[in-house]
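J.: So that we are looking at the same thing, I have put the structure below in structure tokens.
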Amino acid sequence: MDHSPGALAALWRARRPAGPPVSHTFRDTYADCWIRFHSLPGSKRYPESEAEYSVALHRYNTVLDGLFANRDVYVVTSDWSGTPDGPAAFPTPRQELHPTGVHWWTESDEDDPDPAFHTHTRFYADRRPWRHGCVDALLRAVADEALVEVFVTDTELRRIHSPYDGGADVVLATPGERDRLRDRHVDWLSGRPSGL
């Protein structure tokens with residue numbers, strides 16, 4: 001099987017034709033299979049102590065282990081620039097935390113008539129066997145909002161875990177699978193009807 005960046009982009013287009021790999025859009029694009037889990041009790045957004053980081057990492061990894069145990073995954077990170085090939089618009093720890101990530105997709109937003117407001121989000125992926133804790137450094141950076149648009153997916157792109165500062169959006173293969181996962185972690189759900 002071809003694991004090149006071009007093959008991953010082609011697989012995304014084939015398996016996920018409803019939209020690009022922009023994680024903040026997943027909850028709308030895949031609403032029928034989407035669920036959100038909060039990373040801290042009381043829907044607290046940011047960890048403020050090592051104990052709270054431990055809780056957040058436990059919740060992230062519990063869901064990730066349930067989705068990806070004994071499988072290979074793609075770990076995806078991103079940066080953005082004012083030009084498709086220019087330097088990142090602001091510094092992030094992406095390169096040091098995801099040094100094996102290979103550029104596989106650029107999502108450009110050039111709707112504004114002024115080129116100064118064009119953005120180009122670049123996505124980087126690597127493939128690795130899933131093991132508990134293997135993305136903890138990335139998850140801590142996400143929890144601190146030092147990285148955004150990060151996700152982990154199986155190699156078939158059927159399940160996606162997209163952490164954010166405050167929790168994780170998860171896209172499952174079917175609504176039934178989403179419901180079973182939701183029922184295993186009801187204490188980590190939002191109290192709001194919207195699930196946010």
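The values are calculated or read from the model by the stated rules, or taken from the named source; none is laboratory data. Worth saying up front: this structure is predicted, and the values here are computed from it rather than measured. Glycine gets a Cβ as well: all are built from the backbone with ideal geometry, and neighbour counts include every protein chain shown. Surface areas here come from the heavy atoms of the whole protein model, side chains and all, with no ligands, DNA or RNA. Shrake-Rupley method; radii C 1.70, N 1.55, O 1.52, S 1.80 Å.
J.: Between R59, R16, which is closer than 20 Å to T106 by Cβ, basic (K, R) and touching a residue at least 12 places away in the same chain (Cβ under 8 Å)? Walk me through how you get there before you give the answer.
T.: Details: R59 fails: closer than 20 Å to T106 by Cβ.
Of the residues listed, the single one that is closer than 20 Å to T106 by Cβ, basic (K, R) and touching a residue at least 12 places away in the same chain (Cβ under 8 Å) is R16.
J.: Can I ask one more? Quick one: count up the residues across the range 138-196 that are polar (S, T, N, Q) and modelled with pLDDT under 95.
T.: Initially, the range 138-196 is screened for residues polar (S, T, N, Q), giving 153, 155, 162, 174, 190, 194.
Next, from what is left, pick out any that are modelled with pLDDT under 95: 190, 194.
Matching residues across the range 138-196 total 2.
J.: Are any of the residues in the range 163-177 in a strand (DSSP E or B), open to solvent by less than 50 Å² (accessible area, probe 1.4 Å), farther than 25 Å from S54 by Cβ and not charged (D, E, K, R)? Give the derivation first.
T.: The initial filter retains those residues of the range 163-177 that are in a strand (DSSP E or B), namely 163-164, 167-171.
Then drop every residue that is not open to solvent by less than 50 Å² (accessible area, probe 1.4 Å), which leaves 163-164, 167-171.
Of the ones still in play, those that are also farther than 25 Å from S54 by Cβ are 171.
Remaining after also requiring not charged (D, E, K, R): 171.
Yes; the residues of the range 163-177 include at least one that is in a strand (DSSP E or B), open to solvent by less than 50 Å² (accessible area, probe 1.4 Å), farther than 25 Å from S54 by Cβ and not charged (D, E, K, R).
J.: Please verify whether R184 is of a type in the set (K, R), closer than 17 Å to G19 by Cβ and either open to solvent by 60 Å² or more (accessible area, probe 1.4 Å) or out of contact with any strand residue (DSSP E or B) (no Cβ under 7 Å at 6 or more places or on another chain) (or both), treating the condition exactly as stated.
T.: Values: of a type in the set (K, R): yes; closer than 17 Å to G19 by Cβ: no; either open to solvent by 60 Å² or more (accessible area, probe 1.4 Å) or out of contact with any strand residue (DSSP E or B) (no Cβ under 7 Å at 6 or more places or on another chain) (or both): yes.
Against the criterion (of a type in the set (K, R), closer than 17 Å to G19 by Cβ and either open to solvent by 60 Å² or more (accessible area, probe 1.4 Å) or out of contact with any strand residue (DSSP E or B) (no Cβ under 7 Å at 6 or more places or on another chain) (or both)), R184 does not qualify.
J.: I would also like to ask the following. What's the number of the only condition in (1) in a strand (DSSP E or B); (2) surrounded by 21 or more Cβ atoms within 10 Å (Cβ to Cβ) that A56 fails to meet?
T.: (1)
J.: Among the candidates R140, R127, R158, which residue alone is in contact (Cβ under 8 Å) with a residue 60 or more places away in the chain, open to solvent by 60 Å² or more (accessible area, probe 1.4 Å) and part of a strand (DSSP E or B)?
T.: Numbers: R140 fails: part of a strand (DSSP E or B); R158 fails: part of a strand (DSSP E or B).
Residue meeting the stated conditions: R127.
J.: Of all residues in the range 1-28, count the ones that are polar (S, T, N, Q) and more than 14 Å from the chain's Cα centre (by Cα).
T.: Number of matching residues: 1.
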